[in-house]
Amino acid sequence: MNTGSILILPGDGIGPEVMAEVRRIIDWYGDKRGLSFEVSEDLVGGAAYDVHGKPLADETMEKAQGVDAVLLGAVGGPKYDDLDFSVKPERGLLRLRKEMDLFANLRPAQCFDALADFSSLKREVVAGLDIMIVRELTSGVYFGEPRGIFEENGERVGINTQRYTESEIARVARSAFELARKRGNKVCSMEKANVMESGILWREVVQKVHDAEYPDVELSHMYADAGGMQLTRWPKQFDVIVTDNLFGDLLSDVAAMLTGSLGMLPSASLGAPMENGRPKALYEPVHGSAPDITGQGKANPIACILSFAMALRYSFDQGGEADRLEAAVEKVLADGLRTADLLGEDGVQPVSTSEMGTAILAALDASL
Ligand code: IPM
Ligand code: MG
């Protein structure tokens, strides 16, 4: 049986290294669980620029539109810092998000018990933490017009525009409420309605969607700056947080660090359902391309592996297999395995990227 199609875009820096471990996991599911994926691979980011002169070729964009799930490693690196803005590696990723209309970006921040001491916060603040940030991903200041650097009164002015329509706010709010119903049934919406009209509209629309369609879910509103503060003060007060593109970018990095390492956190970016009922979807680790450790076997493959677990859950309707993979990750961490980003405990020697992958595969075997 064909379970579905996956396009792998390893990208730059540590992207290819962590993705190699994901490929082993995908193969394991084929061999041992009868999930057969049709896997293809292509270029994105600087790797695509080197070949095509742009960070995402049109053929790759087309392929991405036609698969059940895109898995992306990471984009960017110092080699590309001086490129023109329009062809920077990041533009490849932003094009995928925009053209696939992946408006709901799910960024879970979960603290594995074995790693609670790696957080910069006290163990009791983060132990057991399990929150989900839903970031709007295809609008707001990332894409609003006008934008650019212009001449005005003899000097330059840089302009970006925060812009949200009611329907853009409503659809991401619905994603957040739907998720909340399957979790702790609580949504906190964050904006800055005290200074931004787009924030006033955001708050109004989220409240309206709630009252009309999700009155059973507990809804609160918070200014995004206070939200950042509350996230570091007592993060366990939150279940699902829904927020705009830029605030979501910031707040999800904050939430990520609560859990100890950026190397642990996956994400899913979901759009509207396709003809086969599955949502348009792209899965990627929250971490970047980490050029400082590229090619040294030091990268932590867990964020990318957990992103594949999210693909199993949200694209392939394999929630049980996603649970299995997450449990395997939890097991190797509990056994004390640490990649180089997770050092500091007495007498612990780091394992390499591929040793971590091998250990997770062994834990998967043991789960059968
Ligand atoms: C993220 C990243 C991206 C963003 C960059 C790489 C364009 O920071 O996914 O959080 O700003 O959205
Ligand atoms: Mg970011």
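Details
- Selection of region 87-121 for residues being modelled with pLDDT of 95 or more and more than 21 Å from the chain's Cα centre (by Cα) yields only Val87.
- Unique match (being in contact (Cβ under 8 Å) with a residue 12 or more places away in the chain and within 11 Å of ligand 2 (Cβ to nearest atom)) among Leu270, Leu251, Leu258: Leu251
- Restricting Gly140, Gly77, Gly158 to residues that are more than 16 Å from ligand 1 (Cβ to nearest atom) and farther than 19 Å from Tyr283 by Cα narrows the list to Gly158.
- Evaluating Gly128 against the criteria (1) in contact with a strand residue (DSSP E or B) (Cβ under 6 Å, 6 or more places away or on another chain); (2) assigned to a loop (DSSP other than H, G, I, E, B); (3) not aliphatic (A, V, I, L, M) leaves one unmet condition, (1).
- Within region 257-285, considering residues that are within 11 Å of ligand 1 (Cβ to nearest atom) and surrounded by 23 or more Cβ atoms within 10 Å (Cβ to Cβ), the one farthest from Phe316 (Cα to Cα): Leu265
- The residue of region 340-365 that is least open to solvent (accessible area, probe 1.4 Å), among those that are touching a residue at least 12 places away in the same chain (Cβ under 8 Å) and more than 22 Å from Phe308 (Cα to Cα), is Val348.
- Residue ID - nearest to Lys186 (Cα to Cα), chosen from residues in region 211-248 that are open to solvent by 30 Å² or more (accessible area, probe 1.4 Å) and within 15 Å of ligand 2 (Cβ to nearest atom): Phe247
- Here Glu38, Glu62 are screened, and the one residue that is of a type outside the set (Gly, Ala, Ser), modelled with pLDDT of 95 or more, open to solvent by 60 Å² or more (accessible area, probe 1.4 Å) and not in a helix (DSSP H, G or I) is Glu38.
- Here the condition is being closer than 20 Å to Leu282 by Cβ, open to solvent by 50 Å² or more (accessible area, probe 1.4 Å) and either in contact with a Gly (Cβ under 9 Å, 6 or more places away or on another chain) or not assigned by TED's automatic domain parsing to the domain that holds Ser267 (or both); of Leu56, Leu43, it holds for Leu43 alone.
- Restricting region 131-145 to residues that are part of a helix (DSSP H, G or I) and of a type outside the set (A, V, I, L, M, F, W, C), the residue that is surrounded by the most Cβ atoms within 10 Å (Cβ to Cβ): Gly140
Residue-wise test of (1) of a type outside the set (A, V, I, L, M, F, W, C); (2) at negative phi; (3) more than 16 Å from ligand 2 (Cβ to nearest atom).
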residue	(1), (2), (3)
Leu94	no, yes, no
Ala109	no, yes, no
Phe112	no, yes, yes
Arg123	yes, yes, yes
Gly140	yes, no, no
Arg147	yes, yes, yes
Gly154	yes, no, yes
Gly158	yes, yes, yes
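The values are calculated or read from the model by the stated rules, or taken from the named source; none is laboratory data. Note that the structure is a prediction, hence the values are computed from the model and not measured. With ideal geometry, Cβ positions are generated from the backbone for all residues, glycine too; neighbour counts draw on all protein chains shown. Surface accessibility is based on the protein's heavy atoms, side chains included, excluding ligands, DNA and RNA. Shrake-Rupley method; radii C 1.70, N 1.55, O 1.52, S 1.80 Å.
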